[in-house]
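The values are calculated or read from the model by the stated rules, or taken from the named source; none is laboratory data. As the structure is a computational prediction, the values presented were derived from the model and not from experiment. Cβ coordinates were reconstructed from backbone atoms using ideal geometry, including for glycine residues, and neighbour counts include every protein chain displayed. Ligands, DNA and RNA are excluded from the accessible area calculation, which covers all protein heavy atoms including side chains. Shrake-Rupley method; radii C 1.70, N 1.55, O 1.52, S 1.80 Å.
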Amino acid sequence: MGKKWLCLLLILSVLLTFSACGRKKTPAEDSLQNTSANPTAESTLTTEGTTQTQPGGEIVNTPPAETTQTQPTTATPSAPKPTEPKPTAAPETLPAPEQATQPVSQPQPATQPTQSATPPTVSNPIPPQSETLLTPTYGHTPLAKTEYYQYTVMTAEERKLYNKIVSAIENLQSEVSVAGISVNSDAGLALFHQIIADNPQYFWVSGTAYVTYDPRTQNAKTFIFLYTDGEKTDTINANSGPVAVADRAKIAAQRSALNQKIQQILSTIPANYPEVEREKLIHDYIVTHVTYDKATAATPTPAGATLPHAYDIYGAAIEGKAVCEGYAKLFQYLCYCTGINATQITGTAKGGGHMWNAVKIDGDWYEMDVTWDDGDGQLLYYRYFNLTHSQMAQDHASDDTEFPFPQCNGTKYRYADYYALKVLSPTTVSDNYKFVVDRLIADGGGYLILYRNGVTMNSDSYNALVYYDTALIQQYAAQRGYRLDFAYSYTIYTEFSYIPCTVTKR
């Protein structure tokens with residue numbers, strides 16, 4: 001009898017085991033992972049400037065101002081991150097020969113931020129609008145989305161997930177099924193970072209995504225996105241479902257405003273210009289129309305608060321205020337719109353988090369930091385225009401753990417070598433002087449930008465290069481039938497001298 005009971009107990013135990021193995025999990029039991037697109041922290045780099053007059057004038061040292069700021073990180077609350085430096089453009093001014101000096105204004109320094117954010121709580125679901133940006137305008141042929149850098153380095157299966165997520169974000173869907181795509185959840189979260197890096201126009205994405213996955217295969221099943229209108233951000237409920245908090249109508253209006261602004265900017269960039277000229281116009285537009293957001297930089301956003309638009313393309317283009325992320329994203333997107341390939345680079349600069357760009361010009365990749373070329377003054381700086389990776393690495397340290405970026409080894413279009421008058425010795429300049437003079441004549445004057453190239457310059461050197469009629473540039477201008485008149489006061493910024501110039505017909 002005891003054996004019979006023992007057999008019955010064994011059979012019952014086996015049946016219960018099969019029942020447990022065969023039971024389906026409820027959605028709430030699916031595994032849920034969270035990622036936050038980890039926006040860069042920023043801090044401030046300073047550059048000394050002095051004002052000099054000559055001959056026999058006074059020298060005044062102007063210590064550059066310095067500020068720090070913080071920048072977004074993501075969905076789950078976290079402490080504010082360290083800050084990254086933005087260059088202070090407080091240049092020196094140095095007058096030329098034996099005449100009275102004219103004052104040259106000194107650009108003021110700016111700074112850069114980092115900060116953390118979490119989703120708020122109020123709900124407002126409104127039907128989404130489809131993406132309207134990146135349409136050919138004013139003769140420009142925009143870069144094909146299949147050429148975006150992050151997309152090009154993905155596998156075919158990863159691109160399927162990329163396209164699903166992009167379609168959902170463009171249509172403001174809070175979640176999208178990616179079942180059937182063989183990408184595990186960890187790789188899916190990494191891909192989300194790459195997708196955001198590829199698409200700076202998606203300013204309404206808060207930077208945080210959640211993914212459910214099949215615990216047996218570890219493959220991603222569903223992505224959940226949190227959107228922001230700049231004041232309110234979506235959240236998720238206790239059952240891991242998305243809760244619409246951001247105002248969809250407001251996001252739609254912001255998208256429309258951004259689209260119109262982009263078209264307006266494109267109207268100022270001739271489509272038939274060479275790539276490097278279009279790139280320079282984009283650089284110059286951002287430097288002259290965007291102000292570094294010192295208030296955001298100086299006040300870290302507390303954990304749980306919504307991030308301002310200072311960290312995205314909308315803040316840079318529409319509000320005219322941004323930190324490094326806004327600068328880099330606007331530069332990247334305008335490049336896309338004019339057919340130029342570009343992507344983001346994150347890392348540190350002088351110890352703090354920072355974002356800048358890689359840009360592809362005539363087949364070669366360069367690094368560009370528009371933020372650090374913005375001195376918030378009257379001059380356009382080009383210290384960080386089209387550098388090689390090793391040149392940028394002198395004060396920038398890149399980090400490819402969040403998303404990859406191309407090797408940047410282009411040399412032809414570095415501003416110092418292509419556009420500036422490059423000094424070879426105290427009395428000679430590079431053979432691009434005709435190109436430099438032609439541009440001054442075409443522009444009717446402006447600034448002669450002299451790249452000193454490590455050469456020690458004194459007043460005699462400047463006189464020999466630009467003031468005397470025997471100087472190469474004066475001789476060439478005379479051959480063209482023009483006269484170049486340079487001011488007797490000029491600005492020195494890092495390796496560059498900015499000499500005001502007027503052009504008159506002889």
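Assorted remarks:
- Placing one equal scatterer on every Cα of region 323-395 and applying the Debye formula, the log10 ratio I(q)/I(0) at q = 0.27 Å⁻¹ is -1.39.
- Heavy-atom accessible area with a 1.4 Å probe sorts K294, K412, largest first, into K412, K294.
- If you bin all the Cα-Cα distances of region 457-506 at 5 Å, starting from zero, the percentages per bin are 5, 20, 28, 25, 14, 7, 1.
- Phi to ³J(HN,Hα) by Karplus 6.51 cos²θ - 1.76 cosθ + 1.60 over region 419-433, Hz, x for Gly, Pro: 9, 7, 7, 8, 7, 9, 7, x, 10, 10, 10, 5, 7, 8, 4
- Percent carbon-and-sulfur accessible area, region 337-452, ignoring ligands, DNA and RNA, probe 1.4 Å: 43
- What the phi angles of region 326-331 give under the Karplus curve with 6.51, -1.76 and 1.60, with θ = phi - 60°, is a coupling list of x, 4, 5, 6, 5, 4 Hz, glycine and proline written as x.
- For I361, the residues whose amide H sits under 5 Å from its own are Y366, ignoring neighbours fewer than 5 places away on the same chain, with H placed 1.01 Å from N.
- Loop chymotrypsin sites (Phe, Trp or Tyr not before Pro), region 408-506, which have at most 12 other Cβ atoms in a 10 Å radius of their Cβ (DSSP): Y468
- Amide H contacts under 5 Å for G339: L143, restricted to partners 5 or more places along the chain or on a different chain, H placed in the peptide plane at 1.01 Å from N.
- For region 250-375, the square roots of the Cα gyration tensor eigenvalues, ordered a ≥ b ≥ c, give a/c of at least 1.5 with a/b no greater than b/c, which places it in the oblate category.
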